[in-house]
Amino acid sequence: MMENGHLSVVFDPMTGRIDILRPQGTALVQGALIRVILTDGRRSSADADYEHTMDIQRARDRCGAGRLLDIHSRDRRRRLDLRTTVTLYDTMDAACIEVECRNVSEAPIAVVGIEPLCVLEENGSVLNGPSATHILTNGPMYYDAGRLYRVGEPYREPEPYGPIKGCMPSPDVSFPSPRRIRSWWHIGIFGGYDREAVVCGFIENRIGLGQLLLSATDAGRLA
């Protein structure tokens, strides 16, 4: 376990899953996976082919100083190794996750996308955010500032541009869907002025097209 007074991060090397906990021990993110989408399928940190090792070290980057959980996932099939780092900063109520993948085979591998934090209900994962009433999205370009959605209302893709070429979500995620909200770069979860909000997003946007999908589960949670 790694903690900073605001959050704790637990990685289970037996299952390949990540939990992010609040100080009182309640889970903010439970059972999350790391996934890589390929042209011929997908790989997940929970795959039985992966052998995980990890260590914790001090770190400093442009966001500040903190502790870093360094996870190496070796592919026994010698196709695609993963390296995942989770950073908790000393003075921030935030966790930063970065994923690298490395082709260790002798053949080309086409990567469609990387999901640093995959939280799907069907995979047994959940986001225990605030009792959300509204979701604030961000658009893909400067002319779209995003929208404010009330949780439960059907989602529709904004006009006029429609789908962005080469930027479709994972094929095993039902989308477009009136139950799933899509946001670019960042998304905000609001549950009331007297409650803390949760913000998820991508710090680096120059080399990737970061997307986030969010939906309410049948149990009233988020995924």
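Could you please let me know if E153 is out of contact with any His (no Cβ under 6 Å at 6 or more places or on another chain), within 17 Å of L213 (Cα to Cα), assigned to a strand (DSSP E or B) and charged (D, E, K, R)? Answer is no for this residue. Sort out which residues of segment 37-71 are at pLDDT 95 or above and of a type in the set (V, I, T), and write them in order of number. The answer is T53, I56, I71.
Yes/no matrix, rows are residues, columns are (1) assigned to a strand (DSSP E or B); (2) under 17 Å from the mean Cα position of the chain (by Cα); (3) over 22 Å from I189 (Cα atoms):
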position	(1), (2), (3)
Q30	yes, yes, no
I37	yes, yes, yes
H52	yes, no, yes
A59	yes, no, yes
I71	yes, yes, yes
R78	no, no, yes
T84	yes, yes, yes
S105	no, no, yes
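Within segment 76-128, if we keep just the residues that are more than 22 Å from D12 (Cβ to Cβ) and among the hydroxyl-bearing types (S, T, Y), the residue that is modelled with the lowest pLDDT turns out to be T91. Here D93 passes the criteria (1) surrounded by 18 or more Cβ atoms within 10 Å (Cβ to Cβ); (2) assigned to a loop (DSSP other than H, G, I, E, B) except the one numbered (1). How many residues does segment 1-53 contain that are surrounded by fewer than 20 Cβ atoms within 10 Å (Cβ to Cβ), among the basic types (K, R) and touching a residue at least 40 places away in the same chain (Cβ under 8 Å)? Residues in segment 1-53 being surrounded by fewer than 20 Cβ atoms within 10 Å (Cβ to Cβ), among the basic types (K, R) and touching a residue at least 40 places away in the same chain (Cβ under 8 Å): 1 in total. When the criteria are applied in full, E122 fails the requirement of being assigned to a loop (DSSP other than H, G, I, E, B) and among the acidic types (D, E).
Residue check: is R58 buried (at least 19 other Cβ atoms within 10 Å of the Cβ), outside the structural domain of G210 (by TED's automatic domain parsing) and among the basic types (K, R)? No: the conditions fail for R58.
The values are calculated or read from the model by the stated rules, or taken from the named source; none is laboratory data. This one's a predicted model, so the numbers in the text were calculated from it and none came from an experiment. In this analysis, Cβ positions are derived from the backbone assuming ideal geometry, glycine residues included, and neighbour counts consider all displayed protein chains.
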